[in-house]
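Just below is one structure, and these are the notes that go with it.
The values are calculated or read from the model by the stated rules, or taken from the named source; none is laboratory data. Everything numeric here is computed off the predicted structure, so don't read it as measured data. For neighbour counting, all protein chains shown are included, and Cβ atoms are generated from backbone atoms with ideal geometry for every residue, glycine included.
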Amino acid sequence: KNQVEQSPQSLIILEGKNCTLQCNYTVSPFSNLRWYKQDTGRGPVSLTIMTFSENTKSNGRYTATLDADTKQSSLHITASQLSDSASYICVVSYQTGANNLFFGTGTRLTVIP
Amino acid sequence: EPEVTQTPSHQVTQMGQEVILRCVPISNHLYFYWYRQILGQKVEFLVSFYNNEISEKSEIFDDQFSVERPDGSNFTLKIRSTKLEDSAMYFCASNGDGYYGYTFGSGTRLTVV
C-alpha cells in the first residue's frame with residue numbers, strides 16, 4: 001500500500017534553534033518527493049522537490065535530504081524563525097497517473113520566542 | 001509569482017444545499033485538481049481534470065460531486081446536497097506539465113451546518 005509517514009507529529013522549538021523533520025514512504029514506483037509548508041488555513045506551498053537521483057536540495061534555511069534506497073527523507077530547518085510555525089507536509093509522487101501525489105499527515109512545527 | 005485563486009475563502013451552507021467552489025488556475029496550466037482536507041487530517045485527492053474532462057477521480061468523488069471548466073479561466077467544484085461530513089478545506093491546484101509544478105490555491109473552508 002502506498003503510504004507516507006511523518007514524524008514527529010508535532011514539535012515545539014525555540015526561535016533560532018535548528019530542527020529536523022522525518023518522512024518515510026512506501027510509494028512505488030517512486031518519481032519525486034516534495035516538502036510543502038502549510039500555514040494554518042492556507043494552501044500548501046512548495047519548499048523543495050527531489051527526484052530519485054538527488055539526495056539533497058536547499059531552499060534558503062530549508063534543506064531536504066532523500067535516501068531513495070531506504071525510502072526516507074528529512075527536512076532540516078536552520079536558525080528557525082517565528083514565521084516557520086506551520087505544518088510541514090511530505091508529498092511523494094507516483095510515477096504514473098493523474099492522481100500521483102501521496103500526502104503525509106504533516107508535522108506541526110511551533111517556534112516560540 | 002503566478003497564483004491559483006480560490007473563492008470564496010469561507011462558505012457556510014445548510015445541510016442539503018448545493019455549493020459551488022470556484023478556482024482560477026494559473027493561466028497557462030493544463031491540468032487541474034481538487035483536493036480536500038478535513039480538519040486535522042491529511043490532504044486527500046478528489047479529482048483531476050485535463051482536456052475538458054475528468055482524467056481520474058477518487059472514491060470520495062461520488063455522484064454528489066461534479067467539476068466544470070465553464071470558460072477559459074474558471075474551474076469549479078459543485079457539491080450537490082451537502083452533508084455534514086463534507087465540511088473541510090477544499091484546495092484547487094493546477095499544473096503545467098502534469099508532473100512537477102503543482103501550485104495550490106489558498107483553499108475554501110466549507111462548513112456544513
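Computed quantities for the displayed model
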read-out	value
Within the stretch A:1-36, tally of residues that are of a type in the set (G, A, S), assigned to a loop (DSSP other than H, G, I, E, B) and farther than 25 Å from A:T110 by Cα	1
Residue in the stretch A:100-111 that is out of contact with any strand residue (DSSP E or B) (no Cβ under 7 Å at 6 or more places or on another chain) and either surrounded by fewer than 16 Cβ atoms within 10 Å (Cβ to Cβ) or within 17 Å of A:Q6 (Cβ to Cβ) (or both) present	no
Residue in the stretch A:13-25 that is surrounded by the fewest Cβ atoms within 10 Å (Cβ to Cβ), counting only those that are polar (S, T, N, Q), under 22 Å from A:A79 (Cβ atoms) and within 14 Å of the chain's Cα centre (by Cα)	A:T20
Filter result (farther than 30 Å from A:S10 by Cβ and within 10 Å of the chain's Cα centre (by Cα)) within the stretch B:1-47	B:I20, B:R22, B:C23, B:F32, B:V47
Matching option when the condition is exposed (fewer than 12 other Cβ atoms within 10 Å of the Cβ) and either under 10 Å from the mean Cα position of the chain (by Cα) or within 15 Å of B:Q41 (Cα to Cα) (or both), among A:S46, A:S10, A:S28	A:S10
Residue satisfying all of: in the stretch A:92-113; more than 8 Å from chain B (Cβ to nearest Cβ) and modelled with pLDDT of 90 or more; farthest from A:W35 (Cα to Cα) among these	A:P113
Whichever residue in the stretch B:52-72 is more than 13 Å from the chain's Cα centre (by Cα) and acidic (D, E) and, among such residues, is farthest from B:W34 (Cα to Cα)	B:D71
Conditions (1) without any contact (Cβ under 8 Å) to a residue 60 or more places away in the chain; (2) aromatic (F, W, Y); (3) under 25 Å from A:G104 (Cα atoms): number failed by B:F75	(3)
Positions within the stretch B:95-113 being away from chain A (no Cβ under 11 Å), touching a Leu at 6+ places or on another chain (Cβ under 8 Å) and either in a strand (DSSP E or B) or among the polar types (S, T, N, Q) (or both), in sequence order	B:L110, B:V112
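Residue by residue, here is whether (1) surrounded by 14 or more Cβ atoms within 10 Å (Cβ to Cβ); (2) at pLDDT below 95; (3) among the aliphatic types (A, V, I, L, M); (4) not in a loop (DSSP other than H, G, I, E, B) holds:
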residue: B:Q11; (1), (2), (3), (4): yes, no, no, yes
residue: B:N28; (1), (2), (3), (4): no, yes, no, no
residue: B:F49; (1), (2), (3), (4): yes, yes, no, yes
residue: B:E56; (1), (2), (3), (4): yes, yes, no, yes
residue: B:E59; (1), (2), (3), (4): no, yes, no, no
residue: B:V67; (1), (2), (3), (4): yes, no, yes, yes
residue: B:S73; (1), (2), (3), (4): no, yes, no, no
